[in-house]
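The values are calculated or read from the model by the stated rules, or taken from the named source; none is laboratory data. Note that this is a predicted model, so its numbers are computed, not measured. Please note: Cβ atoms are built from the backbone with ideal geometry, for glycine as well, and neighbour counts cover all protein chains shown.
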Amino acid sequence: MGTIRPWTVALAVLAAAAFALADDWPQWRGPTRDGVAAGVKLPDRLPAEVKPLWQIEVGEGHASPVVSGGKVVVFSRDDDEGEEILRCFDIQKVSEVWRAKAEVAYQPQAVAKAHGKGPFATPAIAGGKVFTSGVTGLLTCCELATGKVLWKKDFVGELKKPYPTWGAASSPLVEGNLCILGVGTRTEGGLAGFDVGTGNRAWFMNQDGAAYSSPIAADIEGRRQVVTLLDSGAVGVDARTGKLLWKSPFRVQYEQNVGTPIASGDLVVVSGWGQGTVGLRIAAAGDNVTAGQAWKNEEEGMYLSSPVRSGDLLYGLSSKQGGTLVCLSLKDGKTAWSSPGKLGDYVSIVRAGDRLLILTTKGELLLVAADPAAYKELGRTHVTDRPVWSHLAIADGKFLVKDETHLTCFELGP
């Protein structure tokens, strides 16, 4: 176990923050999988310094921390031992509750070495269970209370290669009694649903190969759909059966469909490097479901980062100018404003009310107004000197940052 370093929190600096308690943060991008922290009140201004409550060295990887019932779960790699490790901590006592290990041999291709050996997919907590997908596609279900491994599912023997070129990165989605994620490669793979109790495969939609996007579930045109980006396009499938309902072509260079789609009513928004941002209008007539392009913004391609919605507006990181925060209209896709550039290659964005909390790869934390009129920065601070490629998490009045090797917990209020 890594060293735990408690600090005294500078409450006087943050006394006016009034940071309300949030719900759990049990999966990729939060409770509703869209980067929205409902019921959280962010401060009016971000102080110049935010001191950590505690910090733990947990190992490498881009998987984001998740929180449920006061338990923090983090998925990382100990490369010295060649293991992927799932750890559970008590968020208040800062003590390790349990850990589960799996030997995972993985050697990234030369072009991917800068991002290490994973894991890249964020765990999901549901029904007292934790679901993880390792860098080689190993799907595991553990008991949240004890860390006991309930079942494992690997695809060796089923698929010639169980993970895509850059390593498996599709974060599991628990929908009903199914754990759903992308598996396999662009030539032999797709979207699959597994029984949460047994790990048995319930369905496999393989009309398109796997990519790196994480699926969402949404009610669209009277149907519960799972929506994601696969290798060559956006798809919507029946959440219960996996039947393909619609597909719209969308492919970026170097097979890197990464971003998580956003659903709003009958509109699905996808984005990617060199392809801009596209709004797809989903329509249904009987059993026939179609996806037509409602609009396209050629200039604002969101490569690695996933946007968040606020009403009829979308906030995300455009790849232009070294990383620029942009505000787009969901009605026509037009750009309302752009921030100054050079924010970096990746940010995670959480919206709480009319505020955006933004964490960059450089370890900078920004507070920005979710304002359609103009870019309004409400403060920024530095939270780590190590690179950050995971998504921040908010729970119990705290926010958690997993950087290159450490997990750090901060508090934004008294």
Could you tell me which numbered condition residue 264 fails, if it satisfies all but one of (1) over 23 Å from residue 32 (Cβ atoms); (2) touching a residue at least 60 places away in the same chain (Cβ under 8 Å)?
(1)
Keeping to region 173-186, report how many residues are closer than 21 Å to residue 27 by Cα, touching a residue at least 60 places away in the same chain (Cβ under 8 Å) and assigned to a loop (DSSP other than H, G, I, E, B).
1
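Among the residues of region 245-254, which ones are buried (at least 17 other Cβ atoms within 10 Å of the Cβ) and more than 21 Å from the chain's Cα centre (by Cα)? Steps first, answer last, please.
Step one: list which residues in region 245-254 are buried (at least 17 other Cβ atoms within 10 Å of the Cβ), which gives 245-248, 250-252.
Residues satisfying the conditions are 245, 246, 247, 248.
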If we scan region 377-384, do we find a residue that is polar (S, T, N, Q), outside any strand (DSSP E or B) and farther than 21 Å from residue 71 by Cα?
yes
Could you grab the pairs with beta carbons closer than 9 Å, sequence gap of 6+ or different chains, first residue in region 32-47 and at pLDDT below 95, second one among the acidic types (Asp, Glu) and not in a loop (DSSP other than H, G, I, E, B)?
46/377
Within region 114-149, tally of residues that are closer than 17 Å to residue 180 by Cα and either outside any loop (DSSP other than H, G, I, E, B) or among the hydrophobic types (A, V, I, L, M, F, W, C) (or both)
16
When you scan region 68-103, how many residues do you find that are closer than 18 Å to residue 140 by Cβ and out of contact with any strand residue (DSSP E or B) (no Cβ under 9 Å at 6 or more places or on another chain)?
0
Inside region 93-138, can you point out the residues that are touching a Cys at 6+ places or on another chain (Cβ under 7 Å) and surrounded by 24 or more Cβ atoms within 10 Å (Cβ to Cβ)?
130, 131
Region 214-244 - residue that is of a type in the set (Gly, Ala, Ser) and not in a strand (DSSP E or B) and, of those, surrounded by the most Cβ atoms within 10 Å (Cβ to Cβ):
214
